[in-house]
1. So which residues in segment 66-88 are among the aromatic types (Phe, Trp, Tyr) and at pLDDT 90 or above?
2. In this structure, is Asn21 in a helix (DSSP H, G or I), of a type in the set (S, T, N, Q) and in contact (Cβ under 8 Å) with a residue 40 or more places away in the chain?
3. Assigned to a helix (DSSP H, G or I), among the charged types (D, E, K, R) and closer than 30 Å to Val8 by Cβ: is that true of Arg79 in this structure?
4. Identify, please: which residue in segment 82-112 is in a helix (DSSP H, G or I) and over 16 Å from the mean Cα position of the chain (by Cα) and is, among those, nearest to Leu44 (Cα to Cα)?
Amino acid sequence: MSYYEIFVIGWSLNFLMFTSNLILAFSTFNSDDIMQMKKQNENLRELKSKHEKLYPYRTYETLISYFIPFAAFYRILYRYFEMYMFYKVNPNTKMYDYMVYSFQKDIDKKSS
């Protein structure tokens with residue numbers, strides 16, 4: 001197997017994870033009421049602004065990981081596993097609850 005083939009496989013897996021993230025996001029958008037989503041969006045915006053102050057280069061890190069073969073695949077696979085475990089421990093929760101948990105966990109980790 002040549003390096004070219006390895007890179008193509010890696011980027012293909014990164015693209016697969018990118019599309020699975022989009023599908024997950026769009027399915028989340030369709031499941032809630034508009035007014036409830038606006039309230040949740042405000043809460044997430046506040047958490048995200050705190051998160052961005054503590055981790056200013058996180059966006060660049062994410063974008064770069066999509067260009068490195070296999071990096072985004074493993075990164076998102078770990079997030080999906082973490083999400084699965086969160087839902088298993090906390091039944092009847094939604095994506096919003098996981099996002100609050102994830103942002104808050106990162107903020108608390110950096111703050112302490």
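1. Within segment 66-88, Phe70, Phe73, Tyr74, Tyr78, Tyr80, Phe81, Tyr84, Phe86, Tyr87 qualify.
2. Working: in a helix (DSSP H, G or I): yes; of a type in the set (S, T, N, Q): yes; in contact (Cβ under 8 Å) with a residue 40 or more places away in the chain: yes.
Criteria met by Asn21.
3. Answer is yes for this residue.
4. Keep residues of segment 82-112 that are in a helix (DSSP H, G or I), which gives 82-89, 95-111.
Among the residues that remain, those that are also over 16 Å from the mean Cα position of the chain (by Cα) are: 88-89, 108-111.
Details: Lys88: 22, Val89: 22, Asp108: 15, Lys109: 18, Lys110: 18, Ser111: 18 Å.
Among them, the one singled out is Asp108.
For every residue, the table says whether it meets (1) surrounded by 14 or more Cβ atoms within 10 Å (Cβ to Cβ); (2) modelled with pLDDT of 90 or more; (3) among the hydrophobic types (A, V, I, L, M, F, W, C).
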{"residue": "Asp32", "(1), (2), (3)": "yes, no, no"}
{"residue": "Met35", "(1), (2), (3)": "no, no, yes"}
{"residue": "His51", "(1), (2), (3)": "yes, yes, no"}
{"residue": "Ile64", "(1), (2), (3)": "no, yes, yes"}
{"residue": "Asn90", "(1), (2), (3)": "no, yes, no"}
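The values are calculated or read from the model by the stated rules, or taken from the named source; none is laboratory data. Small disclaimer: the values here were computed from a predicted structure and weren't measured. Quick reminder, even Gly has a Cβ in these numbers, built from the backbone with ideal geometry, and neighbours come from all protein chains shown.
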